[in-house]
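Since the structure comes first, as structure tokens, the remarks are kept for the end.
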Amino acid sequence: MSALDTRKPRPTRTPAPPVPAMDTLDQTHAQMLVVLDKLAQLMDHLERDGVDTAARDSARAICAFFNDHARQHHADEESLIFPKLLESGDAEIVQHVQRLQQDHGWLEEDWIELSPQLQAVSEGYSWYDLDTLRAGVGIFADLYHDHIGLEESLIYPHARRQAAAQAKT
């Protein structure tokens, strides 16, 4: 018999309300913009100072964010937000959601290309090509900014209105 088997049961209580999915997604967008800015700053730092402790720490944090948090964010959008919008019957919204889904694939491809070089920086290696890395970072950041802009200006507001309408029924 384990200690867990002998412990008194905990009293039942009202569960805490969940953090609204849209609020969490908005917060992640804000974090993404900060990390993208740090990524651009890292390119300048590498050009100026090379691979030093600050570059290694920055690259490590950037890799962790895009390997984990950003990928989970995309998965959450794909499962929580996009399906209902694709079923909405609104041709314009469907077209934009399909574009965002395509963006997720392209962002993943871009990250797969950037990640090994940034991981190398995080480990203290300097075998990366700064011009190639900077160009890849530019493409990645531009797509992310465009992607977030579309979600924040059109898709998220539409999803919020749709959720509010469904809550009333």
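The values are calculated or read from the model by the stated rules, or taken from the named source; none is laboratory data. Because the structure is a prediction, the values reported are computed rather than measured. Glycine also receives a Cβ, built like all others from the backbone with ideal geometry; neighbour counts cover every protein chain displayed.
Assorted remarks:
- The range 23-37 residues that are under 13 Å from Gln72 (Cα atoms), paired with ones that are assigned to a helix (DSSP H, G or I) (beta carbon under 6 Å, 6 or more apart): Thr28/His73; His29/Ile148
- Remark: pairs (first residue in the range 141-166, in contact (Cβ under 8 Å) with a residue 40 or more places away in the chain and within 16 Å of Val94 (Cβ to Cβ); second residue surrounded by 13 or more Cβ atoms within 10 Å (Cβ to Cβ) and among the basic types (Lys, Arg); Cβ separation under 8 Å; 6+ apart in sequence or on different chains) = Leu150/Arg99; Ala159/Lys84; Gln162/Lys84.
- Test: Glu47 is part of a helix (DSSP H, G or I), touching a Lys or Arg at 6+ places or on another chain (Cβ under 9 Å) and of a type in the set (Asp, Glu): yes
- Residues that are among the β-branched types (Val, Ile, Thr) and free of Cβ contacts under 8 Å to residues at least 40 places away in the same chain, drawn from the range 77-105: Val94
- Screening the range 75-150 for helices (runs of 4 or more DSSP H) wholly inside it with 2 or more residues that are under 26 Å from Gln41 (Cα atoms) returns the ranges 91-122, 130-150.
- Matching residues in the range 138-169 - criterion: being among the β-branched types (Val, Ile, Thr), over 13 Å from Leu33 (Cα atoms) and at pLDDT 95 or above: Ile139, Ile155
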